[in-house]
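What follows is calculated from the coordinates using simple rules that are stated; it is not laboratory data. All values reported here derive from a predicted model rather than from experimental measurement. As a convention, Cβ positions derive from the backbone with ideal geometry for all residues, glycine included, and neighbour counts pool all protein chains shown.
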Amino acid sequence: MINKSDIKHIRSLHQKKFREQHKQFIVEGPKMVREIIANNVPINALYSTENEPLYENLPNFHKIKSSEMGRISALKNPSSALALLPYLNTEYSPLPKEELYLGLDHIQDPGNLGTIIRTCDWFGVKTVICSEDTVEKYNPKVIQASMGSIFRVIVEYVDLLEYCNKLKNNDIDIFGTTLSGEQVTTVNAPKKGLLLIGNESRGLSSELLGICTHERKIPRLGGSESLNAAVACGIFLNYAFHS
């Protein structure tokens, strides 16, 4: 069972302002819940329509009806499990001295951000630095698209221009992804520093491009004007770690 006040509270977390107010977010789906448990992520409450042995020993597990799940889910087709989590605690080194960080400038599509986080997890990139106007990482569509990688990849929001200036002042390489830079296939791939991916439609801002120490592009063989940001991220990271 789930009471009316809990239903109201969980439904409020579908909106960013209430997530920020309560410092909580929701995660849906049995696979995602298994990821939460496997990564020892704190759980405020767990609701399921099934008697799953993995859940039953949790102190805050609640068995509910499918109709009740439909009232709290943010999905068009609700799954069998929903977890209520506190905001994630993240600690990271602000300067990527011996590793590669990913920087995101004004990424707006939640699916893109979630897929980028998942791609970073695949390639072992542990830190993503986002501009303050990038879509919120706790957006339910971001969480779903990350497929659990949100629990292994640190995602931070900063004044990206100020952050890049700090990197440059510390002699840390900044690689800007553009349509006019050097081909990533013909030059040394970025192994450490910051790799910047720009907005889906307009790319990197001119201010950020002015700070970049290197510009890289993916060679185009066909007629498309641009690549999806998440696809471009995967291609650049593949060259970074396999060249």
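Sites listed here are GluC sites (Glu not before Pro) in the range 26-106 whose DSSP assignment is loop and whose Cβ has at most 16 other Cβ atoms within 10 Å: GLU50, GLU91, GLU98, GLU99. DSSP finds beta bridges in the range 100-241, and of those with both partners inside it, around 5 percent are antiparallel. Over the residues of the chain, the helix contribution to mean residue ellipticity at 222 nm works out to -10000 deg cm²/dmol, using -39500 (n - 2.57) for each DSSP H run of at least 4. Here's the picture: a label point sits 7 Å out from the Cα of ASN188 along the beta-carbon direction, and within the range 225-243 the residues with their amide nitrogen under 20 Å of it are 236-243.
If the only charges are +1 at each Lys and Arg Cβ and -1 at each Asp and Glu Cβ, what is the size of the charge dipole of the range 92-243 around the Cα centre, to the nearest 20 debye? That gives a dipole near 460 debye. Kindly work out what percent of the DSSP beta bridges joining two residues of the chain are antiparallel, to the nearest 5. Antiparallel bridges make up about 30 percent of those DSSP assigns within the chain. Length, then width, then depth: along the principal axes, the Cα atoms of the range 1-101 run 51, 32, 25 Å. From Cα pairs below 8 angstrom and at least 6 apart in sequence, can you work out the relative contact order of the chain, rounded to a whole percent? Relative contact order, the chain: 19 percent. Across the range 7-17, computed HN-Hα scalar couplings (Karplus, 6.51 cos²θ - 1.76 cosθ + 1.60, θ = phi - 60°) run 4, 4, 5, 5, 5, 5, 6, 5, 10, 4, 4 Hz from first to last residue, x flagging Gly and Pro. How far, in degrees from 0 to 90, does helix 110-123 lean away from the longest principal axis of the Cα atoms of the chain, to the nearest 10? Result, in degrees: 70. Phi angles of the range 186-196 translate, via the Karplus equation with coefficients 6.51, -1.76, 1.60 and θ = phi - 60°, into HN-Hα couplings of 10, 10, 4, 6, x, 10, 8, x, 10, 9, 9 Hz per residue; Gly and Pro are given as x.
For the range 65-195, relative contact order (Cα pairs under 8 Å, six or more residues apart, normalised by length) works out to 28 percent.
How far apart, in nm, are two points set 7 Å out from the Cα along the Cα-to-Cβ line at GLU91 and at ARG34? Label-label distance for GLU91 and ARG34, simple model: 3.1 nm.
Taking 14 Å as the cut-off, the amide N atoms of the range 126-165 that come nearer than this to a point 7 Å along the Cα-to-beta-carbon line of GLN108 belong to 133-136. Less than 5 angstrom separates the built amide H of GLU182 from those of GLU215, ARG216, LYS217, all sequence-distant by 5 or more or on a different chain.
When both bridge partners sit in the range 4-86, DSSP labels roughly 75% of those beta bridges antiparallel. Treating each Cα of the chain as one equal point scatterer and applying the Debye formula with no solvent, the log10 of I(q)/I(0) at q = 0.08, 0.10 Å⁻¹ comes out as -0.35, -0.52.
For the range 111-195, the orientation-averaged shadow of the C-alpha convex hull comes to 6.3 nm² (one quarter of the hull surface).
At full extension, ASN77 and SER5 could sit 23.6 nm farther apart than now, given 0.36 nm per residue minus the alpha carbon distance.
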